[in-house]
Each structure stands twice: as C-alpha cells, then as structure tokens.
Amino acid sequence: MPEGGSTSFEVSSTYVGGLVRSLRKLTLLTPEVHEALGPEHRLMIASPHARPWWDGGLTLKLVEAVLTVHGPARLEEAGLDTTTTSVGPIITPLLSVIGAIFGLDPSEYFSRVGDLASTSVRNVSFEWKLTSRTTGELWVSYPRGVAVPPVEPLWRGACRFIFQTSRVPGEIVSSHIDGSTIILVVKWPRG
C-alpha cells in the first residue's frame, strides 16, 4: 500500500507534474512540506512522470501537507496555475470547439468538466446542476471514504480557470463537503 493510504482514484502524471511545477513556482514546496512527506511522495515530486498514473492517496498527502503549511488561498492559486499551465494546453482544443458551438457561457464548460478532467483524474465523477441562467453547482465526487477537504482549494482554482477561459467574470459563491463530494456553488453576470 502506498504511503498516505491506498485510494481507489488516480491522478495522471500530467496533472502531478503540473502541480509540482506550480508548487515550486509559487514556492510552496518548503522544508515544512517536505518534512510531512515520505519517500514515495519525494519520488513523485522528483519524477512525476515516472508512471502514467499515481495513486490518489499520494497526491492527497502532498496536497494536505501544502494546505496545512500554507493555507487554502495559496493552494487555490496552485490549483489555478496547474490547470492553466498543464491541463489547459491539453484541453484547449476541446474548449475551443465548445466555445465555437455553444458560445462562451460558463455553464457549457461546467457541464463538460467530467470530459475535461478525464486527462487528470480517474474514478472521480462530476455532475453539473444549473440552478438558474447564471448560477449552478459543480459536484465533484470521489470514491466513498476519500477525505476530500485537502483538494477542495484545487477545484476552486479549476473553477476560476473555467471563468477565465469563458471570458466571463464569475465567482465561487460557496463550497461545502458532503462525505466524499465537494459541491461548489458558482455564479456569473447575465450574458
């Protein structure tokens, strides 16, 4: 079993590599973070592309250490930077098609988060609930029993990426956790 506990979800080397680059860029891989990690985590940081997919427990432990030392706002910035610099280039062609066909409405992007995130995570499900013309809820569900609070700021950063990509100045109104599900409530101005 990997350090940090085996989970039934995986994170791609593309995302892990991007996260490690963002954490370095934002100076979040401090000695205090490294002290909280074991040898397998250090391997993941040193060689994120050593395997195509990483056990989610390893990434959870890394993210939890960063969150504990630096707080949710800094981790959210890392989530935005990771999505922008590592995942963004992969999904940009799909985003361009969505924008060309459906327009740049954030709801169109949020409704396809599952497709967009498939390059980053496995065995995590997504549901988009449009609650009005300019509001909605993004449900990010991890396998039962996965402690999701450490990754919530990363998903806030991903939501900010969606607003930037759609060129609509939206915001995350609130978020809460229900078991292994993160529910992000978002809104944007009338289009």
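Below, the figures for the structure above:
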read-out: Some residue of segment 159-166 being basic (K, R), modelled with pLDDT of 85 or more and closer than 24 Å to S8 by Cβ; value: no
read-out: Any chance F126 is under 24 Å from E108 (Cβ atoms), touching a Ser or Thr at 6+ places or on another chain (Cβ under 6 Å) and surrounded by 17 or more Cβ atoms within 10 Å (Cβ to Cβ); value: no
read-out: Test: L75 is under 16 Å from P153 (Cβ atoms), at pLDDT 95 or above and among the aliphatic types (A, V, I, L, M); value: yes
read-out: Residue ID - farthest from V11 (Cα to Cα), chosen from residues in segment 138-147 that are touching a helix residue (DSSP H, G or I) at 6+ places or on another chain (Cβ under 9 Å) and surrounded by fewer than 19 Cβ atoms within 10 Å (Cβ to Cβ); value: A147
read-out: Flag for L154 being surrounded by 20 or more Cβ atoms within 10 Å (Cβ to Cβ), modelled with pLDDT of 95 or more, over 20 Å from G56 (Cα atoms) and under 14 Å from the mean Cα position of the chain (by Cα); value: no
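The values are calculated or read from the model by the stated rules, or taken from the named source; none is laboratory data. In this text, all values refer to a predicted model and were calculated from it rather than measured experimentally. Every residue, glycine among them, receives a Cβ derived from its backbone with ideal geometry; neighbour counts consider all protein chains shown.
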